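Heads up, the thing below is written out as structure tokens.
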Amino acid sequence: MKKKLFGLAALAVVTLGLVACGGAKDKTDDSKSAGSDKESSVLKVGASASPHAEILEQVKPILKKEGIDLEIVQFDDYILPNKNLAEGDIDANYFQHIPYFNLQVKENKYDFANAGGIHIEPMGLYSKRIKDIKDLKDGATIITSNSESDWGRIITILQDADLVTVKDGVDLETATFEDIDKNPKNLKFVHNINPEVLTTTYNNDEADLVAINANFAYSAGLNPLKDSLLLEKDNSPYVNIVAVRSEDKDSDKIKKLVDALHSKDVQDWILEKWDGSVKPVEK
């Protein structure tokens with residue numbers, strides 16, 4: 001009788017164990033499925049702190065209603081956002097203008113696509129030494145970034161101000177300082193500084209003029225419309241875009257992101273937030 005009871009008890013333990021294992025398996029599968037659903041709803045976008053990340057914060061609730069959890073990954077340089085995108089660490093990035101994007105794709109053979117233009121940030125030249133560009137002295141030094149895609153942009157600003165001209169036939173978008181043919185004030189150009197360091201260069205008063213990308217200017221408390229001595233014109237081709245891997249260009253999440261950034265509420269917020277110095281575009 002004891003042997004029979006022992007056998008029944010053992011059978012009960014085995015049966016309970018099998019049920020428990022089966023229950024754990026089902027729970028694990030459910031958890032994995034839930035995790036996958038959550039992962040598929042997340043959209044990771046790399047961005048510069050200002051204004052890009054700030055703009056993305058405005059579209060979070062819009063995307064949330066679409067079932068998309070926007071995760072913003074901030075960068076303070078111009079190299080890692082594209083590198084991380086290529087490596088699959090993020091789903092998109094929003095920090096760069098079209099000429100820079102094109103140059104990076106060409107130089108690094110990135111398989112990227114432009115998912116849509118969002119806004120234009122005017123490049124400005126700033127000074128702690130003078131209050132009016134008319135006071136710029138002969139032989140003045142101008143510090144710019146080491147980003148070659150910005151050089152033509154800066155040269156265009158200087159040419160519009162009648163400070164330099166470029167050789168005939170030169171495309172201003174790809175112009176370098178070697179393409180300047182007339183420089184009546186004998187301006188000197190230093191272009192070996194990382195873009196993110198330019199505000200420090202300005203604050204340290206290291207040159208007569210410092211050309212600063214607007215996103216870094218904002219982060220340093222500078223307003224391009226109010227604080228720059230020279231400012232890029234409205235017809236700039238330097239539109240800031242959402243960049244993605246080519247395979248993801250037509251993905252539903254990316255399309256919803258771009259649509260949200262183009263929404264009237266977000267575009268109106270951009271204009272109000274930066275007093276018109278960040279200008280939204282529709283495509």
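The values are calculated or read from the model by the stated rules, or taken from the named source; none is laboratory data. Remember, it's a predicted structure, so these values are computed and weren't measured experimentally. Note: ideal-geometry Cβ built from the backbone for every residue, glycine included; neighbour counts use all protein chains shown. Areas reflect the complete protein model, heavy atoms only, side chains present, ligands, DNA and RNA absent. Shrake-Rupley method; radii C 1.70, N 1.55, O 1.52, S 1.80 Å.
Of the solvent-accessible surface of the chain, computed with a 1.4 Å probe and all protein chains present, 51% belongs to carbon and sulfur. Basic side chains Lys and Arg get +1 at the Cβ, acidic Asp and Glu get -1 at the Cβ, and with that the dipole of the chain about its Cα centre reaches some 1480 debye. Note on the range 127-231: lysine pairs with Cα distance below 20 Å, sequence gap of 8 or more or different chains, count 17.
Across the options Asn108, Ile118, Leu80, the greatest Cα extent toward the positive end of the charge dipole of the chain (unit charges at beta carbon of Lys, Arg, Asp, Glu) belongs to Leu80.
A dipole drawn for the range 127-231 from +1 and -1 charges on Cβ atoms has a positive end, and of Asn203, Gly152, Gly169 the residue lying farthest that way is Asn203. Taken about its Cα centre, the range 127-231 carries a charge dipole of about 420 debye when Lys and Arg each add +1 at the Cβ and Asp and Glu each add -1 at the Cβ.
How many percent of DSSP beta bridges within the range 127-231 run antiparallel, rounded to 5?
25 percent
What the chain shows is 53 Å² of accessible area per residue, with the surface traced by a 1.4 Å probe over protein heavy atoms. Over the chain, Cα pairs under 8 Å with separation of 6+ residues give a relative contact order of 27 percent.
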